[in-house]
Amino acid sequence: MKILIQISIVLLGLITFIPQDQTKHRATYLSPTHISCDGNSGFVYISLSTAGKIAEVDLNTNQLKRYISLPFNPGGTALSRDTKTLMVADKSPSGHLHFISLQSGDINKRISVGHTPDAIAITPDGKQVFVANRFSNTVSVIDLKTNKIIKNISIDRDPISIAISPAGDYLAVANHIPNAASTDDFVSAKISLIELSSLKVVAHIPLANGSQSIRGVIFSKDGKYLYASHILSRNTLPTTQIEHGWINSNAMSIIRVEDKRYHTSVLLDNFNRGAANPAGMSLSEDGRELFVALSGVNELGIIDLPKLHEKIDQIKTSNPGDSNPEFEDISSDLRFLNGIRKRIPIAGKSPRFVTVCGDKILVSSYFSSDLEILSNSDFGNSENISLGEEPEMSRERRGELLFCQADLCFQDWQSCLSCHPDARSDGLNWDLLNDGAGNPKNNKSMLLAHYTPPAMITGIRKNAETAVRAGMKYILFTEPVESDARDIDAYLKALEAVPSPYLKNGRLSRNAKRGKALFKKADCLRCHTGRYHTNGKKYNVGTGINQHKNNEFDVPGLTEVWRTAPYLYDGRAKTMNEVFSKFNSEDRHGITSTLSDKQIEMLVEYVLSL
């Protein structure tokens, strides 16, 4: 009996550690993302982000050599300076950085970092590695000699991409979406600049007004400039048309590193065709060309940097001073990059990462199972290396692809993803015209929208199905195809909530438990009840102002509300604390005036734990 028990324990352990891609009867998509390249050996490592493995490709033969199977879905990767170890982030709420021996394929060690680690960067001397923890809003600094975290640096919001300057003096962090009340006059996502000698944030640099969905950052080869790819939203305008980037244009911003200030933005779009959803970037080895993955249109953008800076400098110096209308207009000039920029079609669907390795340009596309290789000397000549087989697309998977692709949109200006990054919210107000012009409302997350009718802040759409089709018609400016709309519905219905970073080991903290009792005491359960924390009704809770003073608003669900700031119908509350304290003086939005500051904090922690 004792021997049988021991055998059972061993078998159970084997079952526990079988990677998902090796289990039977399970559809597994590869979803290639991050790319790390060893320029000396010509070996490349690609994260297969939904398949639980790393693909190793030999660029000398352009062949897939092996898989490194993992007990988690990989995110960002980075090679150690001696190229013997691959560091991989696991993108989970209880995130770790894993150290994988490239000789054996085994995980030698792992370090606990933060919630959903993804982007990784190593200093030029190979002594420190930095990990961006998206939902902890931190960057972990790890000493590679001791393999210990020496500091967690607080960042603005949702750090999604990082880069280290060539001299190793600065770390740039792309904060994905804005961190502000959306009623502010100026709302923009920021770049955090960290001085590596002190490990302190020395600047939070806002980009142009309306900038959101920053997806890539990279320094110029001389370290003088920092480039960021992002969407430039024209959200102060009513959505009456879409031509010429009226709703969203797609941009690359430039920061002067010495000044630690935003310089200008250039539009990646053509005059009559968008370059939707710019993502990862890379530089040619000589630093003269910048490559940008244009994920929404399945293209690679190529910018001649010397020509770009020469043109910008000519405009800047022709009329020096604080007021230079021609320079200020660069960020809205759809013809500015004419003769400076090329757009090369990519075979894959949704290219998100690009890496230069020697004389080759490597592109990974999320909805394709290949690694695409382009020659730096002949961009029209490409080769695709299969990274494995994938099952036929399910309706949910096809719906996710449609959500991310701009070919549903007139002239390819934007996709659903442009206003709903990760199918959540972009932190901006939009005037969608569904209740007349001049009524901007805060963007909503699509999570659980199909289970919590009605839809939209005022409940003007009877359900999310209606809202999806209206969005295709009035925001993408295309006639909805019912099969496409149904697939997008299927994708959105399949979305799963990300566990809150306010939870402690997956459970409510002591303060949050007290906040739960206060949630009931404040009569919040009257409206925010049930599985999704909403009763599906509309009320006037006294939050309306001006022409909305007596309006009734749909009761929003509270699942994953920690991720969707700012709050209230017009986004005027930057934090949940402001919802209860600053904007609830009459106790119509919960009875909170009798609560102490400490009790408000407990209530907030509970709500943000949902």
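The values are calculated or read from the model by the stated rules, or taken from the named source; none is laboratory data. Predicted, not measured: the structure shown is a model, and the values here were computed from it. Counting neighbours? That spans all protein chains shown, and the Cβs are built from the backbone with ideal geometry, glycine included.
Per-residue answers, yes or no, for (1) over 21 Å from PRO178 (Cβ atoms); (2) assigned to a strand (DSSP E or B); (3) under 29 Å from the mean Cα position of the chain (by Cα):
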site: LYS520; (1), (2), (3): yes, no, no
site: THR529; (1), (2), (3): yes, no, no
site: HIS533; (1), (2), (3): yes, no, yes
site: LEU558; (1), (2), (3): yes, no, yes
site: VAL579; (1), (2), (3): no, no, yes
site: TYR606; (1), (2), (3): yes, no, yes
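Here's the yes/no breakdown for (1) of a type in the set (Asp, Glu); (2) buried (at least 20 other Cβ atoms within 10 Å of the Cβ); (3) farther than 28 Å from HIS115 by Cβ; (4) in contact with a strand residue (DSSP E or B) (Cβ under 9 Å, 6 or more places away or on another chain):
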site	(1), (2), (3), (4)
VAL555	no, yes, no, yes
THR559	no, yes, no, no
TYR567	no, yes, no, yes
VAL579	no, yes, no, yes
ASP587	yes, no, yes, no
ASP597	yes, no, no, no
TYR606	no, yes, no, no
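Going by the conditions given, is LEU237 touching a strand residue (DSSP E or B) at 6+ places or on another chain (Cβ under 8 Å) and more than 25 Å from GLY339 (Cα to Cα)? Spelling it out, LEU237 is indeed touching a strand residue (DSSP E or B) at 6+ places or on another chain (Cβ under 8 Å) and more than 25 Å from GLY339 (Cα to Cα).
Pairs are defined by a Cβ separation below 8 Å, a sequence spacing of at least 6 or placement on different chains, a first member in segment 380-394 that is at positive phi, and a second member that is outside any strand (DSSP E or B); the pairs so defined are GLY388/LEU30; GLY388/ALA51; GLY388/SER369.
Scanning segment 345-357 for residues that are assigned to a strand (DSSP E or B) and buried (at least 17 other Cβ atoms within 10 Å of the Cβ) returns PRO351, ARG352, PHE353, VAL354, THR355, VAL356, CYS357.
For segment 512-527, indicate whether the set of residues that are of a type outside the set (Gly, Ala, Ser), within 30 Å of HIS244 (Cα to Cα) and in contact (Cβ under 8 Å) with a residue 12 or more places away in the chain is non-empty. Scanning segment 512-527 turns up no residue that is of a type outside the set (Gly, Ala, Ser), within 30 Å of HIS244 (Cα to Cα) and in contact (Cβ under 8 Å) with a residue 12 or more places away in the chain.
Across segment 30-86, what is the total count of residues that are among the hydroxyl-bearing types (Ser, Thr, Tyr) and either in a strand (DSSP E or B) or touching a helix residue (DSSP H, G or I) at 6+ places or on another chain (Cβ under 6 Å) (or both)? Spell out how you get there, then give the answer.
First pass over segment 30-86, keeping only residues among the hydroxyl-bearing types (Ser, Thr, Tyr): 31, 33, 36, 41, 45, 47, 49-50, 61, 67, 69, 77, 80, 83, 85.
Next, only the ones that are either in a strand (DSSP E or B) or touching a helix residue (DSSP H, G or I) at 6+ places or on another chain (Cβ under 6 Å) (or both) stay: 33, 36, 45, 47, 67, 69, 77, 85.
Result for segment 30-86: 8.
In segment 130-148, the count of residues that are small (Gly, Ala, Ser), under 27 Å from LYS224 (Cα atoms), modelled with pLDDT of 95 or more and assigned to a loop (DSSP other than H, G, I, E, B) is zero.
Scanning segment 303-326 for residues that are modelled with pLDDT under 90 and not in a helix (DSSP H, G or I) returns ASN319, PRO320, GLY321, ASP322, SER323, ASN324.
In segment 396-442, which residues are in contact (Cβ under 8 Å) with a residue 40 or more places away in the chain, assigned to a loop (DSSP other than H, G, I, E, B) and either among the small types (Gly, Ala, Ser) or closer than 27 Å to ALA293 by Cα (or both)? Those that are in contact (Cβ under 8 Å) with a residue 40 or more places away in the chain, assigned to a loop (DSSP other than H, G, I, E, B) and either among the small types (Gly, Ala, Ser) or closer than 27 Å to ALA293 by Cα (or both): GLN405, CYS409, TRP413, GLN414, SER415, ARG424, SER425, ASP426, GLY427, LEU428, ALA437, GLY438.
Taking segment 334-376 as the range and being touching a helix residue (DSSP H, G or I) at 6+ places or on another chain (Cβ under 9 Å) and under 20 Å from SER229 (Cβ atoms) as the test, the residues that pass are LEU334, PHE336, LEU337, ILE340, ARG341, LYS349, SER350, TYR366, PHE367. Every test in (1) within 26 Å of the chain's Cα centre (by Cα); (2) polar (S, T, N, Q); (3) in a loop (DSSP other than H, G, I, E, B) is passed by ASN338 save one, and that test is (1). Does segment 424-434 include one or more residues that are surrounded by fewer than 22 Cβ atoms within 10 Å (Cβ to Cβ), under 22 Å from the mean Cα position of the chain (by Cα) and at positive phi? No. Scanning segment 455-470 for residues that are surrounded by fewer than 19 Cβ atoms within 10 Å (Cβ to Cβ) and either at pLDDT 95 or above or under 21 Å from the mean Cα position of the chain (by Cα) (or both) returns LYS462, ASN463, THR466, ALA470. Within segment 124-142, the set of residues being among the β-branched types (Val, Ile, Thr) and in contact (Cβ under 8 Å) with a residue 60 or more places away in the chain is empty. Considering segment 272-314 alone, what residues qualify as being under 22 Å from LEU417 (Cα atoms) and hydroxyl-bearing (Ser, Thr, Tyr)? Listed by number, the list holds a single entry, SER295.
Across segment 358-368, not a single residue is classified as of a type in the set (S, T, N, Q), surrounded by 22 or more Cβ atoms within 10 Å (Cβ to Cβ) and in a helix (DSSP H, G or I). Residues in segment 270-296 that are assigned to a loop (DSSP other than H, G, I, E, B), farther than 21 Å from GLN212 by Cβ and within 25 Å of the chain's Cα centre (by Cα): SER284 alone. When you scan segment 371-385, do you find a residue that is in contact with a Leu (Cβ under 8 Å, 6 or more places away or on another chain), surrounded by 21 or more Cβ atoms within 10 Å (Cβ to Cβ) and among the charged types (D, E, K, R), even just one? Checked against the condition, which is being in contact with a Leu (Cβ under 8 Å, 6 or more places away or on another chain), surrounded by 21 or more Cβ atoms within 10 Å (Cβ to Cβ) and among the charged types (D, E, K, R), segment 371-385 yields at least one hit. The residues of segment 409-420 that are surrounded by 22 or more Cβ atoms within 10 Å (Cβ to Cβ) and either among the hydrophobic types (A, V, I, L, M, F, W, C) or under 19 Å from the mean Cα position of the chain (by Cα) (or both), listed by number, are CYS409, TRP413, GLN414, SER415, CYS416, LEU417, SER418, CYS419. Residues in segment 531-543 include none that are under 25 Å from GLY95 (Cβ atoms) and among the charged types (D, E, K, R). Restricting the search to segment 475-518, which residues are assigned to a loop (DSSP other than H, G, I, E, B), under 18 Å from ALA455 (Cα atoms) and among the small types (Gly, Ala, Ser)? Residue satisfying the conditions is ALA494 alone.
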